[in-house]
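Structure, as structure tokens:
Since every read-out is calculated from the coordinates, none of them should be taken as a lab result. Please read all numbers here as calculations on a predicted model, not as lab measurements. Neighbour counts run over all protein chains shown; Cβ positions are idealised from the backbone, glycine included.
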């Protein structure tokens, strides 16, 4: 009877043992719990939230701690049923299980005088691990294939962007360092301006003031539009090719069956 219960729990808890498409209801509950935990972790960095809803967040964290602790113990219990896992100890020492245990520890560290609640955000890695399975795995695989297929072109684009950033920073250092030593007194300082300009963010906290500096800034901005847009176009084309290839493979596979 215990063996039967263990096998049933294995198909519900371990996504790799689930024979049904998609995530089980239990793992959907796990995803909801992770999202709630992350939201609480983010909100707890705001003092006004703690002042008004600190008691509620404490209760929710207590409920989530019990839930994830029970879920962790159950995963240890059913882990050996997975052919990829040799034993319970083997699973417990895996990076994924150790990370989940570390997140559980963060629930009690505040009582020991250590505040590391922000590390609960590492639970987001669980979402990535769950997304690797089922229909989400195909989407992640398309992302991987698209990036890999354009790896050379992307490397060249990023190299050009870095070269342009370095050249612009060097020129503005020579032109603006005397007028604005705080902002352009060195090439590394000027790099902050170059990043702002090339990415078209333009915070406006650092701007050239000399005529030549403004001219060089205009040239840098115009060049940056094309250089920074290159990776976007490459990835868009790669995703389109990957999706088309995946559809063709599924069509041919269906005919083959």
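Using a basic spin-label model with each label point 7 Å from the Cα along Cα→Cβ, how many nm lie between residue 218 and residue 59?
Going from the residue 218 label point to the residue 59 one covers 6.3 nm.
May I ask you to compute the full-extension gain from residue 192 to residue 248, defined as 0.36 nm times their residue separation minus their alpha-carbon distance, rounded to one decimal in nm?
Taking 0.36 nm per residue and subtracting the Cα distance, the gain is 15.6 nm.
Using the basic label-point model (7 angstrom from Cα toward the beta carbon), what is the residue 51 to residue 105 distance in nanometres?
It works out to 3.4 nm between the two label points.
Report the Rg/Rh value for region 147-256, based on alpha-carbon coordinates and the Kirkwood definition of Rh.
Result for region 147-256 is an Rg/Rh of 1.25.
Pop the C-beta distance of residue 20 and residue 82 into the FRET formula with R0 = 22 Å and round what comes out to the nearest 0.05.
Here the calculated transfer efficiency is 0.85.
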